[in-house]
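Read-outs throughout are calculated quantities, based only on the coordinates presented, and are distinct from any laboratory measurement. What you are looking at is a predicted structure, and each value in this text was computed from that prediction instead of being measured. Note that we place each Cβ from the backbone using ideal geometry, even for glycine, and neighbour counts take in every protein chain shown.
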Amino acid sequence: MRHPLACTLLGHRWRFGVDGSDVVWRCVRGCEGGRRAYDDAAEARLMARRLGRGAPGPPLGLLTASSGTAIRKPRGENRS
Ligand SMILES: [Zn+2]
């Protein structure tokens, strides 16, 4: 995935959606998009909602953090 820094600087808005257990996003100007796999569809939906609220600009910090320990939890646990 190309680094979407240009979109951040230009203030482009991003749309977030869910495809199975992946969060998918796309710049509304058509510059860039991407996807990130999550453990399950419920988590993907939660993240898409959370990320969508952060527009404009791709929330790189949040996306980066989510690849670390913050989001990772054992599959099947902590489900509400
Ligand atoms: Zn853009």
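Quick notes
- Neighbour counting of Cβ atoms within 10 Å sorts the residues 46, 51, fewest neighbours leading, into 46, 51.
- Sites residue 9 and residue 35 - FRET efficiency at Förster radius 25 Å, r taken between beta-carbons, to 0.05: 0.65
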